[in-house]
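Worksheet for the structure shown next.
What follows is calculated from the coordinates using simple rules that are stated; it is not laboratory data. Being a predicted model, the structure only gives us computed values, none of them experimental. We place every Cβ from the backbone using ideal geometry, glycine too, and count neighbours over all the protein chains shown.
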Amino acid sequence: MGHPMFQNWHGFPFSQTELGSEVLASRKEAAHDTIAWLDLDGDGHLDLIAIATQQGDDDDMDHELVALHIPSGKAMWRARRGQISTKLALADGVLVATTDNSRVLRGLSPQDGSDIWSLELPDAIEGWDTCDHDDAAPTILVRGGYVAFQCEDESAHVVEAKTGRLVKSFQDARLEHAWPDIPNLVCFVVKDESERMGRDEKFVAWDAAKNQPLLESTGDVSIALGEGEFALLAEDDDNDCTNVHIYDMQTLSEKRIVQAAIKEEGGRQRELPMGDKSDDSRQGAYLLPTGMLVVGERDRVVFVELGGGQPAAQPEPEPEPEPPKKKGFFARLFGGGGGGGDDGGGKRGASGPGPVLATPIPPPAEGYEFCGMVRAGDTLAIAHRKSKGTEKLIVTGYDLGPAPAISDQRTALPQKWVAEGLGGRRVEVSILSTGSAILAPHSPKPEDHHWHEGNKQSWWHLDPATGEKVTEYPVAEIQCATVHGRYFCAFAATYGSCIPVAYDTEQRERVL
C-alpha cells in the first residue's frame, strides 16, 4: 500500500486518499448502509463507492457519492452532491440508493452515478428499526438480482435491481433478519388474520424471481447454509419438532423434507434450536455435504445426521380433518420416539425409516456460550464467548474432510484444533470467514473500544487447517468489521462519520 498516511486523535494510521471527506456512518456507527465494495475498473482489486459527508449529518445537502480507486487512492468520479440520502447497496451491477430524503429509490450506474431508474416510495425507507431491530442488518437487503426494504408506514417491498420494477409489496409487514444471501430469497414477517396457535404473525419466505411464496410458517424459522443447497428450519408447534425443508440454492426448488426434534432428559420432545440469525457473515446453522446439520444454541451445539430424507410433499388441495401424526425423523439425544406435522405452510413433513442420531457438544469451558460459526475450506469453526466478566473468546475447528464417526447413538465431527487468547471486548460479530481465512477479534483492554498504543486491538487471521495465528489486522474500532470476498474491511466512526480500512487476506496486507 503506497498511500500517504495520517493519524486520528487516538494515533491509528489511516490512508490519505482523494475521498476528500469521511463516510457517512449509519446505525451503530458502522458503514454497512453507506459503502458499496466492488472492483470498478476490472483490475482485480477492491474499490468502493461511498456516501461522503462533511458534517456527519443525515441531511441530503451534506452528502455526495464518491467512487474511490483503492490501489491509487484517487477518486474515479463524484456525483449527486446534495441529492443522495443515507442508504445504498450494490445489486446485480446496479448501485441502488435512496434520494429525496429517503422517499425515492434510484438505480444508478456504478461507472458514473447516472440514473438508470427511479421509484417513488409510499413513505421514507425505514432506517432504524429495519429487520426486526437488527442493527447488524443492511437497510437495503440484496438478494441476488433483487433488493428488499421496509418503509416507515410498515410496508415492505421487493424491487428488481436491473429495472426498478416493483415485484412484491406487503402491508403491515417487516423484513426478517439479515440471513445469508440466498439469491432471490427474501423473507418477511406479515400479519396473519387466522391467528393460528394464538399468533397474529406468520413468516413468509418469498421467491422473488418466481414471485411466489417458498414457505409460510406461524412458528419460528431459521436457515442453514450448505454447498449448492440450503435448509429452512421451521418450528412445528403441533408436534414439538422441526420441519427441515431442503432447497436447491440456484433454483429454490424444494428437494426433500426431514422432521427433527430433540429428546430432552425426562422424555420431553422439543424443536431444534433455531441458531443465530442476526448477521450475513455469521451463521448459527450449517448444512454440511455429508448430510449433517449443525445448529448452535447458547449452551451447546447440536449435530444432526439428517440422512436422505423424503421427497418434498406437494400442497394438498383441501386439508384433511385431524390427520394422524406420522412418525418422523428426530434427533435422539437421550433416546425416545419421534413426531411429525406441518409448519403452517401447506406442506407436510415426510415420514422416514427411523430416528436421526445426533450429539450435543457442550461449550469448551465452563461459563462459555455459543456465539457463532463459520466455514473455511474443510474446517467448521465454532466460537464460544465467556458469558460473564471479561469477554474472552475460544474458537474450535472441526474437520469436514473425512466422514464423521457414527456410533449407535452419537454422531460428531472430529475436532482439529482449539484457539484461545482471543476476545477481550464484547462485539456483535465474534467470528468471520473469507473462505480461506478465519477471523476473530482480539482487544487487550476490554474497557476501551478504541485503538491506541496501550490497546492495539486487531482481528487475528487464523489458519483454517491448524487454528494457528497467521497474522493480525489492526483496526481503530474492534466492533465495526465485515468481509467482502477475500477482503477484511473495518471502520472507525466518530460523530456520524467513519473512515474505512481494508486488508487483503490472501496477500495478508493492508490495501486501504
Mind ordering 94-105, 43-54 by average Cβ neighbours within 10 Å, highest first?
94-105, 43-54
Order by protection proxy (mean Cβ within 10 Å, highest first), peptides 287-298, 382-393
287-298, 382-393
Per-residue Cβ neighbour rank within 10 angstrom, fewest leading, 508, 174:
508, 174
Ranked output for segments 15-23, 449-457 by mean other Cβ atoms within 10 Å, highest leading, reads 15-23, 449-457
Along the range 77-86, what does the Karplus equation 6.51 cos²θ - 1.76 cosθ + 1.60 (θ = phi - 60°) give for ³J(HN,Hα), rounded to whole Hz, x for Gly and Pro?
6, 10, 7, 6, 4, x, 10, 6, 8, 10
Rounded to the nearest 0.05, what FRET efficiency do residue 101 and residue 10 give with R0 = 45 Å and r taken as the Cβ-Cβ distance? Could you check?
0.85
